[in-house]
1. Of everything in region 1-54 that's open to solvent by 50 Å² or more (accessible area, probe 1.4 Å), in contact with a strand residue (DSSP E or B) (Cβ under 7 Å, 6 or more places away or on another chain) and β-branched (V, I, T), which residue is nearest to I103 (Cα to Cα)?
2. Within region 55-95, count every residue that is under 14 Å from N17 (Cα atoms), touching a residue at least 24 places away in the same chain (Cβ under 8 Å) and loosely packed, with under 12 Cβ neighbours inside 10 Å.
3. Output the number of the condition that N98 fails; it satisfies all remaining conditions of (1) open to solvent by 60 Å² or more (accessible area, probe 1.4 Å); (2) touching a Lys or Arg at 6+ places or on another chain (Cβ under 8 Å).
4. So S104 ticks every box in (1) over 30 Å from L38 (Cα atoms); (2) open to solvent by less than 70 Å² (accessible area, probe 1.4 Å) but one. Which box is left unticked?
5. Pull up region 131-178, narrow it to residues that are outside any loop (DSSP other than H, G, I, E, B) and among the hydroxyl-bearing types (S, T, Y), then point me to the one that is nearest to the chain's Cα centre (by Cα).
6. For region 110-130, which positions are in a loop (DSSP other than H, G, I, E, B) and surrounded by 15 or more Cβ atoms within 10 Å (Cβ to Cβ)?
Amino acid sequence: YKIVLDESSIVSKTDKNGFITYVNKQFEKACGYKTKELIGKSHSILRHQSMPKEIFSAMWNNISMGKIWSGIIKNKKKDGTSYYIRMIIIPIKDTDNNVLEYISASTEITELMTKNNLLEKFTLTDGLTGLGSRVKLMNDLLKTQDSILAIVDILKFTEVNDMYGQKVGDKIIKEVPYTLKINGNE
């Protein structure tokens, strides 16, 4: 079992206080640290600053009660770059059901998350203006109960495109939101 796990996953073990007692070669490869740099340290050495502390609090609360935890974590490599992992942590217990240590197995999903983030950006951002898209507007409206929506219609805009060309029309479309924002003092 150990050989299969070590060959297919990023694996680490910690004592019950969360200090690293074992990492495999996949772990070293993913984070850029050597085993000797990690043993005795907390996993917080890998914590990316953008990860909410509440996730780790919930994780520790869960596993310290002897429950299994799984989720997606954004970590920071030794060189400062980030990477994503899908992780599962299992508490190892004694015969009296007391937690002795924890073992985690992870799969790196950085490429998947990068593509997902890019797709989300394209979906939620208008390509021409760089502002929120219709999809973002609909999502925002669903999240709030007391919404006010103003719609601005540029009259005879097709004639502007026909007379001056699409480049001029695009320039106007880009400038209108910023003009409204400046004049509205927001």
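1. Step by step, filter region 1-54, then rank; the result is T21.
2. Qualifying residue count for the region: 0.
3. (2)
4. Status for S104: all satisfied but (1).
5. Kept after step one, since they are outside any loop (DSSP other than H, G, I, E, B), are these residues of region 131-178: 132, 134-143, 157-164, 166-178.
From the residues that got through so far, the ones that are among the hydroxyl-bearing types (S, T, Y) too are 158, 164, 178.
Working: T158: 41, Y164: 43, Y178: 30 Å.
Here the answer is Y178.
6. Here is the first cut: in region 110-130, the ones in a loop (DSSP other than H, G, I, E, B) are 126-130.
D126, T129 - these are the residues of region 110-130 that are in a loop (DSSP other than H, G, I, E, B) and surrounded by 15 or more Cβ atoms within 10 Å (Cβ to Cβ).
The values are calculated or read from the model by the stated rules, or taken from the named source; none is laboratory data. Nothing here was measured: the structure is a model prediction, and the numbers come from that model. Every residue, glycine among them, receives a Cβ derived from its backbone with ideal geometry; neighbour counts consider all protein chains shown. Quick note on the areas: whole protein, heavy atoms, side chains included, nothing else; ligands and nucleic acids left out. Shrake-Rupley method; radii C 1.70, N 1.55, O 1.52, S 1.80 Å.
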